[in-house]
Amino acid sequence: MKTPHVLLLCVLAAALMAVVFCNSKTTSDRSAGAIGPDNCCFKFYPRKMNKKLIGSYYITDHRCPRAAAVLVTKNHSRHICVDMSLSWVENIMKRLEESNF
């Protein structure tokens, strides 16, 4: 083969290997090679929670089908999905943000 053909073949092989390695991430809750967010909420906790039990929170990835906040408890570090548009959830998030200053 001529040099340009070998070079082109090497570039294509490297591109193919890059795609395979980038998609090889595996987790317990999704199949190998899946591209997308790791932690989405599909069900929300139905009741109001005591704000004293919550130590922190985070917002789910924007690629999830439903926007949600995940409240993390202080004692057992449980992650609880809640609807972030509810007023009591907004109050907890605001209190946690204020306490971090």
Quick one: in segment 43-88, of everything that is closer than 18 Å to residue 100 by Cβ and of a type in the set (Phe, Trp, Tyr), which residue is surrounded by the most Cβ atoms within 10 Å (Cβ to Cβ)? 57
Restricting to segment 13-59, and then to whatever is among the basic types (Lys, Arg) and at pLDDT below 70, can you tell me which residue is nearest to residue 87 (Cα to Cα)? 30
Against the conditions (1) in contact with a strand residue (DSSP E or B) (Cβ under 6 Å, 6 or more places away or on another chain); (2) loosely packed, with under 10 Cβ neighbours inside 10 Å, where does residue 35 fall short? Just the number, please. (1)
Identify all residues within segment 46-101 that are among the aromatic types (Phe, Trp, Tyr) and under 27 Å from residue 35 (Cα atoms); write none if there are none. 57, 58
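The values are calculated or read from the model by the stated rules, or taken from the named source; none is laboratory data. Bear in mind that the values here come from a model prediction, so they are computed numbers and not experimental data. Glycine gets a Cβ as well: all are built from the backbone with ideal geometry, and neighbour counts include every protein chain shown.
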